[in-house]
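Let me begin by presenting the structure, written as structure tokens, before commenting on it.
Where a number appears in this text, it was derived from the coordinates with a stated rule and is not lab data. What you see is a predicted model; the values in this text were computed from it and never measured. So basically every Cβ, Gly included, is an ideal-geometry build from the backbone, and we count neighbours across all protein chains shown.
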Amino acid sequence: ASYFFMTRGTLIAIEGLDRTGKTTQTTKLINRLAQDGKDVELIKFPERTTAIGKIINTYLTDKTFQLSDESAHLLFSANRWELSQKIYDLLDQGKTVVLDRYVYSGVAYSSAKGLLFDWCYSPDIGLPRPDVVIFLKFKEEENFEREGFGDERYEVAEFQQKVKIQFEKFSGQDNWKPVFVDGKNIEEVGELVWKCYTDATKQALGPVQN
Ligand code: 2DT
């Protein structure tokens, strides 16, 4: 008889402030994982096509749409819960799952509006925990002053500053890997992102302790 062992796939979350190249780096990481022979699946949050996702999309794109901050927060969280079983299933099938935004965006954006951090975190407790969270950030605050922020609800420099402060509260978690993008080109950032992934995978193998 032959035995076939399959380990679960890796769960990777990519978080980042606006204008840090998060989308570009997510695409790059996915391509590299595929080249490395991984069966990769991307899930982007908010996932705007589900029942709850459609409401979120309206909320984000139509500034006249009224929703309390608490309601919006719980919808973003519920949107993750809509996908949680799918995430577990993909990992069980051995797939590498890349999440473009996740719990951390959920907490950071809502607490930046003034909601309590712990209150924001609690509806997400129990969701699948990423093996690694790659956080793209600027060292220099003046990057927020650059032009080019978009038109969606949150794409305002002043608000982005507040979001950054909330994101930083996750920096004590052992799966949290910051990547500074200042002055680096796409390839350089890509290498750092890849290193976060490979380090996390090594860590999962478990080094011999002395
Ligand atoms: P994108 O631009 O990446 O589509 O995000 N957001 C996102 C929240 O406020 N809470 C959440 O839980 C998530 C996942 C971040 C759209 C905006 O939605 C914000 C930016």
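Worth a mention:
- Cα-based helix-to-principal-axis angle, 157-167 vs the chain, degrees rounded to 10: 40
- Highest-MSF residue in the chain out of V156, V97, V181 [GNM, Cα springs under 10 Å]: V156
- Both numbers refer to the Cα atoms of segment 1-61; Rg and Dmax are 16.3, 57 Å.
- Each residue in C120, C196 was given a count of other beta-carbon atoms within 10 angstrom of its own, and listing them fewest first yields C196, C120.
- Residue-span extension gain [A157 to I186] - 0.36 nm each, minus C-alpha spacing: 8.2 nm
- Among L83, L99, L116, L136, a tally of other beta-carbon atoms within 10 Å of each Cβ gives an order, fewest to most, of L116, L83, L136, L99.
- On a per residue basis, the convex hull of the C-alpha atoms belonging to the chain measures out at 149 Å³.
- Length available on full extension from Q173 to K44: 0.36 nm per residue minus the Cα-Cα distance, which gives 44.2 nm.
- Multiplying the residue separation of T201 and T27 by 0.36 nm and subtracting their alpha-carbon distance yields 60.7 nm.
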